[in-house]
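Each reported figure results from applying straightforward, stated rules to the coordinates on display, with no laboratory input. The shown structure was predicted, so the numbers you read here are calculated from the model rather than taken from an experiment. Every residue, glycine among them, receives a Cβ derived from its backbone with ideal geometry; neighbour counts consider all protein chains shown.
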Amino acid sequence: MACISFSSETGNNSGNQMRPHYKPNHIPDPNYVRILDTTLRDGEQSPGAAMTPHQKLNIARQLAKLGVDVIEAGFPCSSKDDFAAVKMIAQEVGSNVDDDGYVPVIAGVARCNEKDIEIVWEAVKGAKRPRISTFIATSEIHMKHKLKKTKEEVLDIACRMVMFARSLGCDDVQFVPEDAARSEKEFLYEILGEVIKAGATTIDIPDTVGIAMPWEFGKLIADIKTNTHGIENVVIVTHCHNDLGLAVANTIMGARAGARQLEVTMNGIGERAGNAALEEVVMALKCSGLDVFDGLYTTINTEHILNTSKMVEEYTNMHLQPHKALVGANAFIHESGWMLKHKATYEIILSESIGLERSNEIGIVLGKFRYVM
């Protein structure tokens, strides 16, 4: 059976498996999947979701309790407040090493220009594991209408800016070809190969407008693995938007195809229709990692999911629909009387595994229907 059993669980879906030693461009265990949370950057781009620096620091602390591998703390060049928040997170959360040696990577996002990259480095360099994530668009529509640049110009800028980021002393540089899902594949292979040579350690493949079907996105990751020179020397990443409601499915298909860092937000918040939801991606791997995903696992402490979800909901004032998967008010409430016979008839995970302690152990409510087909 693909789903977890109703026995005692730990927050780590992998049982005795431990978080591998962190190296920017390599994961020693091929089954380990890094989780990057971008609630504080992409999530904050949700209309009306702006947070204060203190609120962002509190969420970063909670994300560290959750055990995310990378906290994308913000876009430091966007405002003085965001710079201050990212710097504060880097110095506090990014320097707090626990007894097991865990400390999250703290990343800041920059456009591919020297000023942005310098500001990000100034913000994140106080962390034990600082990362610069720099992006430039690679799709024809973006290059023509937004950047007004040729492929050759974009390629040159990308390589120079990755080298510039490395020259500042940062040994963890993530490169993002914005709108990769709509980019010409041959150009994508070329620019990725060149930025790897320039020093990129992580290659982020975004479905920026949420247009890809799951099988298309999985094939994109597989094709990049097959056709990009030097790709074996970096970590491949998914960053999926939810415009068609497929962000989680695309993220999971990317993992199946070889991506080993998954970029997500708490509650799936983000620009437009949002991003892949951390809780859904993590629990899908926890539920089916051994069977469906050939042993893929994270070390997320899932018992902190609900508290993290509620904190993000409160600070952003973005209220969850009751039927939101896992963290919605109705996620563990039933009308079916069969639950009285055995919980596993209609619950695939224990509510306690995400931190939900129910006063009504079974979660039964009286409703219109007395039977289930």
Among 268, 85, 191 - extreme Cα towards positive end, dipole of the chain, charges at beta-carbon: 268
Share of pairwise Cα separations in segment 34-316, more than 31 Å, in percent: 19 percent
Trypsin sites (Lys or Arg not before Pro) within segment 127-224: DSSP coil, no more than 10 neighbouring Cβ in 10 Å: 148
Top of 294, 100, 81 by mean-square fluctuation, Gaussian network on the chain, Cα under 10 Å: 100
The chain: antiparallel DSSP beta bridges as a percent of all, rounded to 5: 5 percent
Computed magnitude of the charge dipole of the chain (debye, nearest 20; Cβ of K, R +1, Cβ of D, E -1): 220 debye
Listed residues 209, 315, 301: farthest to the positive end of the dipole of the chain (Cβ charges): 315
Proximal lysines relative to residue 128, as straight alpha-carbon distance under 16 Å, when same-chain residues fewer than 8 apart are discounted: 23, 87
Pairs beyond 28 Å (Cα-Cα), from 56/197; 151/225; 151/219; 125/310; 125/151; 125/286: 56/197; 125/310; 125/151; 125/286
Modelled FRET efficiency - R0 41 Å, residue 80 with residue 233, Cβ distances, 0.05 increments: 0.65
